Amino acid sequence: MRCRTALFACLIALLPTAASAQSELAVFPKGFYWGAATAAHQVEGHLTNDWVTWEKAKGHVKNGDTSEVGVDHYRRFDKDFALAEAMGHNAHRLSVEWARIEPERGKIDWAAVDHYHEVFASLRKHHLKPMVTLFHFTNPVWVAAQGGWLAPRTVDDFAKFAAFMGREFGKQVDCWMTLNEPNVYAFQAFDAGYWPPAHQSREEALQVMANLMRGHARAYHALHEADHEDADGDGSAAEVGVANHVALFDPMSGINAIEAATAYFNDTVFNRAPMRAASSGLLQFEIPGTQGVKVFDPQAASSVDFIGVNYYTRWVCVSGGAKDRIPMPGAPTTAMGWEDYPYGLYRALWMANGYSRLPDGRHVPILITENGVDDPDGKTRASYLVRHLAEVHHAIRDGVDVRGYIHWTLMDNFEWADGYRPRFGLYHVDRTNGLARVATPAVSVFERIARSNALPPEILATYGR
Ligand code: GCO
């Protein structure tokens, strides 16, 4: 009994320390980037590229939706950035449309260039650091006609485009992402056949991944050669990375060899291979039973200044049925049918951390370049945001060098083959009312977090479970 009393006394003595440690721990590092991401094709509207051609055929996009008007961000960008600024954001991730800037090989459309100068000037005016993606799933028609990313020539063309971007926009942009989700693009467009050019060849998907990473490596060096201007005065003229999609894969049963192997190979080729390529230089895109790629590309070694992580969900690998992966049975899922699994972000950050020590000796930081939820009635986003940020905070506390959190997405937009039904936006876009931007409840919660650079205890208490 005496012993128990002593133990309780001891625990009570610890309580205030634990509570203050908790509030201290909910603070993010100084200078942390808070923002949202968009992609040109999903928001701008008024475009011509390989996706626009694809959307015209019936059945390619749900409900016959097209990106034709998008959410008219091409014209409304300044007002949209004002919304991000009002939310306390200090960064914004967006992509530039290669097809606008170079509509024909070697021919620059200077009106499009001027447009993006205005876009970056507007970001600056709204105190948002531009984080610019060069390839976010769409190609100029002439690139698609030459075979797209299956053609080695596209690697050279992309490097030239990157050099142009660095020269032209270096005084306005420091943070560059060469590619968005090379793994998702390669498999959706060349293996699953869901996106243009809708091939169904796993072998091609592996070649495309390798070509994308070759393109990344060339673009990395081209941007560093071309961009010497420190746009925001932080001492660095160009930081270049890739926005990697990380999906967790777990076997349903750890003692089922097929399920364990499926999880292992998915994780290896889909998640790890692109990060490893840009870190070690080894382009190894292989799946058992398929002709893959394994080659060392010296240009790819140490070709990142940060590692971008796009995280949404985990898949559980199963065997014996029609599907080989499903959301975890019984777990909560989002409207997209994806498991709501915040701990996966903690795991994804540690995975990326494993590729952050480069052969040239640098240890590069990690940036969360996308994380978000399809939330049709706006009721779950605030909780999704807070629970995922709590895991980001845990990862930082445990030693991962995470420099920012960029939410997908600023406003509802064209979700590729799913059209306009999914709603990932912090702002809902009312398509029945002149594309009006309507704040979802997550906006004020995000603002509280961004402005305090912390997860305030009352926000954690209300939304953190
Ligand atoms: C991707 C893209 C975005 C998507 C988002 C939601 O991951 O496919 O980067 O374009 O819209 O991820 O699916």
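Here are the numbers for this structure:
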item	result
Burial ranking of peptide ranges 82-93, 247-258, 295-306 (average Cβ count within 10 Å, highest at the top)	82-93, 295-306, 247-258
Per residue, in Å², the accessible surface of the chain once ligands and nucleic acids are set aside, probe 1.4 Å	41 Å²
Distance between modelled label sites at A111 and S201, nm, 7 Å Cα→Cβ extension	3.8 nm
With every protein chain in place, the range 139-187: carbon and sulfur % of accessible area (1.4 Å)	60 percent
Using θ = phi - 60° and Karplus 6.51 cos²θ - 1.76 cosθ + 1.60, couplings along the range 373-389 (whole Hz; Gly, Pro as x)	9, 7, 9, x, 9, x, 8, 10, 4, 4, 5, 4, 4, 5, 5, 6, 5
Principal-axis tilt of helix 2-25 within the chain, Cα atoms, nearest 10 degrees	30 degrees
Proximal charge balance of V61 [Cβ under 13 Å; K/R count +1, D/E count -1]	-1
Percent of Cα pairs exceeding the 43 Å cut-off, where the set is the chain	11 percent
Net charge contributed by nearby residues that have their C-beta within less than 14 Å of M328 (K/R +1, D/E -1)	0
Charged-residue dipole, Cβ positions (Lys, Arg, Asp, Glu), the chain about Cα centre, Debye nearest 20	1060 debye
The range 91-141: C-alpha gyration tensor shape, a/c 1.5 cut-off, then a/b vs b/c	oblate
Charge tally in the Cβ shell below 12 Å around E97, where Lys, Arg are +1 and Asp, Glu are -1, E97 excluded	-3
Relative contact order of the chain, defined on C-alpha pairs under 8 angstrom at six or more residues apart (%)	16 percent
Residues with amide H under 5 Å from that of V96, placed H, sequence gap 5 or more	T133
Amide proton proximity set for A454, modelled H, under 5 Å, gap of 5+	F28
Calculated from backbone phi, Karplus (6.51, -1.76, 1.60) coupling profile of the range 416-427 in Hz, x at Gly/Pro	6, 5, 8, x, 8, 4, x, 10, 9, x, 4, 9
Karplus (6.51, -1.76, 1.60) ³J(HN,Hα), θ = phi - 60°, over the range 39-47, in Hz, Gly and Pro reported as x	10, 3, 5, 7, 10, 5, x, 6, 10
Reciprocal mean inverse distance between Cα atoms of the range 25-162 - Kirkwood radius, Å	16.4 Å
Beta bridges by DSSP in the range 2-463, antiparallel share as percent, to the nearest 5	25 percent
Surface share of carbon and sulfur [accessible, 1.4 angstrom probe, percent] for the range 39-90	53 percent
Nearest-ten-degree value, helix 257-266 long axis tilted from longest Cα axis of the chain	60 degrees
Residue pairs, from the table K79/K379; K125/K171; K56/K107; K56/K79; K79/K129; K294/K323, whose Cα atoms sit over 20 Å apart	K79/K379; K56/K107; K56/K79; K294/K323
Where Rh is the Kirkwood radius over Cα pairs, Rg/Rh for the range 316-452	1.02
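The values are calculated or read from the model by the stated rules, or taken from the named source; none is laboratory data. Nothing here was measured: the structure is a model prediction, and the numbers come from that model. As a convention, Cβ positions derive from the backbone with ideal geometry for all residues, glycine included, and neighbour counts pool all protein chains shown. Side chains are part of the model used for accessible areas, which takes the heavy atoms of the whole protein and leaves out ligands, DNA and RNA. Shrake-Rupley method; radii C 1.70, N 1.55, O 1.52, S 1.80 Å.
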